[in-house]
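Computed from the coordinates by the stated procedures, all read-outs in this text should not be read as laboratory data. Everything numeric here is computed off the predicted structure, so don't read it as measured data. Positions of Cβ are backbone-derived with ideal geometry, glycine not excepted, and every protein chain shown enters the neighbour counts.
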Amino acid sequence: MNVGIIGSGNWGKALATLAAEAGHQPRMGYRGRPPGGFPGTPNLPALVRESDLVLIATAPSGVRGTIQASRPGPGDVLVIASRGLEPETGLWLSHVVTAESRCLRVGAIAGPALAAEVMRRRPSALVAASRFDAVADLTQDALHSSICRVYTSNDLRGVELAGAMVDVLAVAVGAADALNLGLGVHGVVVTRGLAEAARLGEALGANATTFAGLAGVGDLVASSSHSDHPGYQAGQALARGSSRSDYVLQKAQAVLTMARKAQVELPLTEAIAAIAAGKVKLRLALDALMRRDATAE
């Protein structure tokens, strides 16, 4: 199978590693400097035409421009490997693909597979989701190997939302760890944060069990335990006195835009956004969360 990967950063290279490990032919699409270690091309439309499967591994803010430049058609299969929502609009990245092209067969992946771990050939896992069984199955075939188990799902919305929420919640864990608040806070962020994700997911038609699986719990446990994860690093920086973080704010605001449309309250995500915007100090935000009225779980 010819597997195209658009995005030549560490995550793109990790996906190329997984495709090669699974016995396939990865080729990377890039802008600017060519990637090292794998065949590549700056001709994105040609890469899409010549690939059986294309993985989009750019930052969420770059997905729209990538689709406009690569021009996929109705015969192509695209899978979003960029965890998150479009920052400027709060839209699903799969929706961006179908809005900007004639491509219909779209999927997404998420789960506890971190670029640094994959590059060291450490065991990992992913969930490949799509409304089309053939897309999920093709993605599984492209990436499943002895170093990465790939499971399939038809809950595209749940897997996309889990990926977006995990990036935001990893910030809270990183911040709590930097303040040495203990394992209890770590556990609170993981469980209550994913409860928020499940609540929003159900309102948007996702399956709540998705957030208890690899795309939710699995990804968050891995992301919030790895010092190289960008969300975790951003949380650490905020705890150490950084006045604001546009990286965190964009990701949190995208989730909140979707939540407000669905009329779902996300207090933990709101707090993370306020901290990232420099509107409230980290310890005050945590204190406010702890003082919320007691409720049933």
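A few notes on this one:
- Basic side chains Lys and Arg get +1 at the Cβ, acidic Asp and Glu get -1 at the Cβ, and with that the dipole of the chain about its Cα centre reaches some 640 debye.
- Shape call, segment 198-274: gyration tensor on alpha carbons, a/c limit 1.5: oblate
- Angle of helix 246-262 to the longest C-alpha principal axis of the chain, folded into 0 to 90 degrees and rounded to 10: 90°.
- Candidate cross-link partners of LYS281 among the lysines, defined by an alpha-carbon separation under 24 Å and a same-chain spacing of 8 or more, comprise LYS251.
- Taking the C-alpha atoms only, the angle from helix 183-203 to the longest principal axis of the chain is near 60 degrees.
- Relative contact order, percent, segment 119-180 [alpha-carbon distance under 8 Å, six or more residues apart]: 33
- Between 0 and 90°, nearest 10: helix 10-21 axis offset from the chain longest Cα axis: 50
- Within the set (1) 0.95; (2) 0.97; (3) 1.12, the number that Rg/Rh (Cα atoms, Kirkwood Rh) takes when calculated for this structure is listed as (2).
- Mean separation of Cα contacts under 8 Å, 6 or more apart, over the residue count of the chain: relative contact order %: 15
- Classified by the C-alpha gyration tensor, segment 157-290 has a prolate form. Its axis ratio a/c, with a ≥ b ≥ c, is 1.5 or above, and a/b is larger than b/c.
- Segment 53-198 - percent relative contact order, Cα under 8 Å, separation 6 or more: 19
- Cα-based shape type of segment 2-154, given that a ≥ b ≥ c are square roots of the gyration tensor eigenvalues and the cut on a/c is 1.5: rounded
- Positive-pole candidate from ALA59, PRO34, ILE80, dipole of segment 1-97, charges at beta carbon: PRO34
- For the listed peptides 33-39, 65-71, 250-256, a ranking on the average number of other beta carbons within 10 Å per residue, highest first, reads 250-256, 65-71, 33-39.
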